[in-house]
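The values are calculated or read from the model by the stated rules, or taken from the named source; none is laboratory data. Small disclaimer: the values here were computed from a predicted structure and weren't measured. Quick reminder, even Gly has a Cβ in these numbers, built from the backbone with ideal geometry, and neighbours come from all protein chains shown. Surface accessibility is based on the protein's heavy atoms, side chains included, excluding ligands, DNA and RNA. Shrake-Rupley method; radii C 1.70, N 1.55, O 1.52, S 1.80 Å.
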Amino acid sequence: QVQLVESGGGLVQPGGSLTLSCASSATIFSVYAMAWYRQAPGKQRELVASISTGLKYTINYADSVKGRFTISRDNAKSMAYLQMNDLKPEDTAVYYCNADSRPALGIRGDAHWGQGTQVTVSS
């Protein structure tokens, strides 16, 4: 069973920055597409950013975070990151790391979630 552990959340003032990290226990991390989701109170979980596998990554962002957030991965360290700049109160949510090998492995793949880390943007 692959475990994902997020870290880096906390309280930050509007306009501030945070970097979230996701550590994976996967034996072959490189086959997992990685993504960050978030869920605010009373709202559905939404995709924030995703990064594919392969030699040339495909990266996607939610419109609400484009230009402010950057997703990255380090396969050698089995880590994924979410750099968040110019944070706004509406970015307040629990942020979850997701790893999914089904795009690479098809029916042999699997998907996993971390436990989440709280990000609060408030003055």
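The residues of region 45-70 that are part of a strand (DSSP E or B) and within 14 Å of Y32 (Cα to Cα), listed by number, are S50, I51, I59. Of the residues making up region 90-116, those that are in contact (Cβ under 8 Å) with a residue 60 or more places away in the chain, among the hydroxyl-bearing types (S, T, Y) and open to solvent by 20 Å² or more (accessible area, probe 1.4 Å) number 1. Taking each residue of region 57-82 that is without any contact (Cβ under 8 Å) to a residue 40 or more places away in the chain and of a type in the set (S, T, Y) and looking for partners that are open to solvent by less than 60 Å² (accessible area, probe 1.4 Å) and part of a loop (DSSP other than H, G, I, E, B) with beta-carbon atoms closer than 6 Å, six or more apart or interchain, yields T58/S52. For region 1-34, a residue qualifies if it is open to solvent by 60 Å² or more (accessible area, probe 1.4 Å) and hydrophobic (A, V, I, L, M, F, W, C), and the qualifying residues are V5, L11, I28. Taking the criterion of being in contact with a strand residue (DSSP E or B) (Cβ under 6 Å, 6 or more places away or on another chain) and under 19 Å from G15 (Cβ atoms), the residues of region 66-84 that qualify are F69, T70, L82, Q83, M84.
Residues considered: Q44, Q83. Of these, the only one that is modelled with pLDDT of 95 or more and more than 12 Å from the chain's Cα centre (by Cα) is Q44.
Being in a strand (DSSP E or B) and of a type in the set (A, V, I, L, M, F, W, C) is the filter here; which residues of region 1-44 pass it? Correct list: L4, V5, L11, V12, L18, L20, C22, A23, A33, M34, A35, W36.
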